[in-house]
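First up is the structure itself, then whatever we jot down about it.
The values are calculated or read from the model by the stated rules, or taken from the named source; none is laboratory data. Just so we're clear, the structure is a prediction, and the values are computed from it rather than from any experiment. Quick reminder, even Gly has a Cβ in these numbers, built from the backbone with ideal geometry, and neighbours come from all protein chains shown.
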Amino acid sequence: MPWQEVSTVLLRQEFVMLATAEGANVRALCRRYTISPKTGYKWLGRYRRQGRAGVTDRSRRPHRSPTRTAPALERAVLAVRAAHPVWGGRKIRAVLLARGHPTLPSPSTMTAILKRHGQIAPEAAPQHTAWQRFEHDAPNRLWQMDFKGHFALLAGRCHPLTVLDDHSRFAVGLQACGDQTGQTVQARLTACFRRYGLPEAILVDNGPPWGSDAEHPHTPLTAWLIRLGVRIRHGRPYHPQTQGKDERFHRTLKAEVLGTRVLRDLAQCQREFDRWREVYNLQRPHEALAMAVPASRYRVSPRAFPEVLPPIEYGPADLVRKVAEGGELSYRNRTFRVGKAFRGYPVALRPTLVDGVLDVFFCHQRVAQVNLRNHEELH
């Protein structure tokens, strides 16, 4: 299958950036991007010889003047601002540096140019203050996943599903969904996994479709992810800052794509999302990354998506029980609830350091705890 219709130039750029990363498996990337090795190596060769211009259509290459004057620089600044109306001086300066401008003024001078031309209101600057967050030390250690608040289309509603790599801020997925069901999320995640591989863990909130209630937070969707070998982490209830990077991504999406626009349908919405996701990953400088772009810090996961789920196996010392239709398991003539997400599956009981208390594991993840002393579950 050839390159997808959505911005082939940007897909080429994403492909070559990931393919030139240390330790990258080019042929595996070709399979994930559904292109032939011949095509992949062709664009990789052009990128190595000519840089980004080598994978850009000739008709889209920007005209570059050998001499630059102050008015020319201001025009360049304003052109970037026109293409990205919410970008500030720091991002615009980083973009112009990447395009080869040899000498540029400071970000504050860039901001002054925008203010002088009425592009930034004087009172807007204090609203943009950077603050640091914890990040994982390598790509694919943790992905953050959530639905942005749904909004009306001319035909129906859109529920944007966002998936962000914690280390690089690389937008692994940005999908225009018609609902928030587990089946929809599983189908969209499968496409992400086939291209980028499996993460070690995914951070989600406690609501549907990845949470059911405080006592039994798992759903069929998270059970499927656990079977894939992905560890599920639920954020603290009523603390959206736990998923701060994804929340910040949502604000950027609203500012740079949605704004006051009214989109026609899910198909148009997805086209806009695809176009902007490539800009966000490959072109938009990120202040938390020292003005690098997310794709420069992202690497595809070496853990490929298995088309067939692996069998569920436990150790010889485990006490294995099958979860009944109602979400309960039986042990020593007692019944304990572990959640309907695991009905029909085997789970393992493992003793803890506390006498009479056992952990309940589904595959690699602890999903419940039972107390034989008072016949209650502990979580």
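Quick notes
- Enumeration of residues in the stretch 167-220 that are of a type in the set (S, T, N, Q) and in a helix (DSSP H, G or I): GLN183, THR184, GLN186, THR190
- Among residues of the stretch 232-273 being crowded, with 16+ Cβ neighbours inside 10 Å and in a strand (DSSP E or B), the one that is modelled with the lowest pLDDT is HIS234.
Table: residues versus (1) farther than 30 Å from GLY89 by Cβ; (2) among the basic types (Lys, Arg); (3) buried (at least 17 other Cβ atoms within 10 Å of the Cβ).
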{"site": "PHE305", "(1), (2), (3)": "yes, no, yes"}
{"site": "LYS340", "(1), (2), (3)": "yes, yes, yes"}
{"site": "THR352", "(1), (2), (3)": "yes, no, no"}
{"site": "VAL360", "(1), (2), (3)": "yes, no, yes"}
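- Applying the set (1) among the hydroxyl-bearing types (Ser, Thr, Tyr); (2) under 25 Å from the mean Cα position of the chain (by Cα); (3) surrounded by fewer than 20 Cβ atoms within 10 Å (Cβ to Cβ) to TYR298 leaves exactly one unmet item: (3).
- Count of residues meeting criterion [of a type in the set (Ser, Thr, Tyr) and under 17 Å from ILE312 (Cβ atoms)] in the stretch 327-379: 1
- Any hit, the stretch 315-325, residues being outside any loop (DSSP other than H, G, I, E, B), surrounded by fewer than 18 Cβ atoms within 10 Å (Cβ to Cβ), of a type in the set (A, V, I, L, M) and touching a His at 6+ places or on another chain (Cβ under 9 Å): no
One line per residue, one yes/no per condition, for (1) among the acidic types (Asp, Glu); (2) farther than 30 Å from ASN25 by Cα; (3) assigned to a loop (DSSP other than H, G, I, E, B); (4) in the same structural domain as HIS167 (by TED's automatic domain parsing):
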residue: PHE305; (1), (2), (3), (4): no, no, yes, no
residue: VAL347; (1), (2), (3), (4): no, yes, no, no
residue: ASP359; (1), (2), (3), (4): yes, yes, no, no
residue: GLN369; (1), (2), (3), (4): no, yes, no, no
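- Residue count for the stretch 241-297, restricted to those that are of a type in the set (Val, Ile, Thr) and in contact with a Phe, Trp or Tyr (Cβ under 8 Å, 6 or more places away or on another chain): 2
- Residue within the stretch 361-371 that is under 34 Å from the mean Cα position of the chain (by Cα) and free of Cβ contacts under 8 Å to residues at least 24 places away in the same chain present: yes
- Enumeration of residues in the stretch 1-31 that are modelled with pLDDT under 90 and of a type in the set (Lys, Arg): ARG12
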